Each structure stands twice: as C-alpha cells, then as structure tokens.
Amino acid sequence: MTRKAIDMKLGTIAFIGAGKMATAIAGGLVANGKEKSGIKAYDISKTAREHFLSATGAEAFSTPEEALASADIVVLAVKPQHVAAALEKSKPLIKDKLFVSIAAGVMIKTLATLTGCHRLVRVM
C-alpha cells in the first residue's frame with residue numbers, strides 16, 4: 001500500500017491536546033507520509049499550539065470546534081487530571097468519530113461516559 005493510500009485511509013486526525021505526546025505522534029505521522037493538512041490539534045495553551053505548529057507543520061487551533069469539525073479520528077492527548085475539562089465542550093463533536101486516548105489510567109468506561117462515543121481505543 002502506498003503512502004498516499006495510507007494517508008487516505010486514515011482521514012483527518014484531530015488531537016485534543018497539542019503537547020509533547022501529540023507533537024511526537026503527529027510528527028511521526030508526517031515523517032511517514034501523512035499529509036500535514038490531514039492533522040489538526042486543539043490546545044488551551046498558546047505555547048503548546050505554537051510548538052505543535054512549528055514541529056509538525058500541521059494546524060493547531062484555540063477552540064475544539066475548529067480542530068474537530070472535519071476529523072475522522074480524535075486522539076485525546078492530555079494529562080489524566082485534565083481529561084474531563086478537555087472533553088467538556090468537545091462531546092457533541094466527537095460522538096460519532098473513532099476516539100483514541102493516550103491519557104494514562106483513564107478507563108474506557110470513563111471515556112465512554114465523557115464522550116458519548118462507542119468507538120473507543122485506549123492506548124495507555
């Protein structure tokens with residue numbers, strides 16, 4: 001399968017949280033052929049957004065609505081203690097998407113409750 005085919009299969013990926021882990025994952029995706037235009041991020045921190053943009057070339061937004069609007073896959077990349085707050089405004093935007101969490105220790109049941117999503121993957 002070509003890189004372009006892989007890129008098309010992945011669709012648009014949006015990160016909730018644009019810190020070190022999100023930046024590393026997005027950077028790896030870009031380095032392996034994922035189009036920068038297919039990666040978005042939302043972070044409350046302007047510094048994190050700016051670093052994400054400079055490190056990956058992908059867009060980072062100050063509102064979840066901007067980042068999640070066209071996403072096919074949502075990656076939750078915030079510290080466990082910030083999960084509820086990060087998802088508070090995002091719930092209606094992620095309900096029907098594939099949701100991947102890298103928030104350590106946050107159980108699937110908790111994520112399902114907070115997101116209303118039934119397509120969940122817990123990585124950490």
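Give the range 96-108 a look and list any residue that's without any contact (Cβ under 8 Å) to a residue 24 or more places away in the chain and farther than 17 Å from residue 13 by Cβ, or say none. The answer is 107, 108. If you scan the range 91-115, which residues turn out to be open to solvent by 20 Å² or more (accessible area, probe 1.4 Å) and at pLDDT below 90? Those that are open to solvent by 20 Å² or more (accessible area, probe 1.4 Å) and at pLDDT below 90: 91, 92, 93, 95, 96. Looking only at residues that are free of Cβ contacts under 8 Å to residues at least 40 places away in the same chain and open to solvent by less than 20 Å² (accessible area, probe 1.4 Å) in the range 49-89, which one is farthest from residue 32 (Cα to Cα)? Residue satisfying both the conditions and the ranking: 83. Scanning the range 41-57 for residues that are small (Gly, Ala, Ser) and more than 12 Å from the chain's Cα centre (by Cα) yields 45, 48, 54, 55, 57.
In the range 94-109 there is at least one residue matching the filter, namely being of a type in the set (A, V, I, L, M) and assigned to a helix (DSSP H, G or I). Scan the range 16-36 and give yes if some residue there is assigned to a loop (DSSP other than H, G, I, E, B), touching an Asp or Glu at 6+ places or on another chain (Cβ under 8 Å), open to solvent by 20 Å² or more (accessible area, probe 1.4 Å) and at pLDDT 95 or above, otherwise no. Yes, some residue in the range 16-36 is assigned to a loop (DSSP other than H, G, I, E, B), touching an Asp or Glu at 6+ places or on another chain (Cβ under 8 Å), open to solvent by 20 Å² or more (accessible area, probe 1.4 Å) and at pLDDT 95 or above.
The values are calculated or read from the model by the stated rules, or taken from the named source; none is laboratory data. As the structure is a computational prediction, the values presented were derived from the model and not from experiment. Note that each Cβ is placed from the backbone with ideal geometry, even for glycine, and that neighbours are counted across all protein chains shown. Keep in mind that these areas ignore ligands, DNA and RNA; they rest on the heavy atoms of the full protein, side chains included. Shrake-Rupley method; radii C 1.70, N 1.55, O 1.52, S 1.80 Å.
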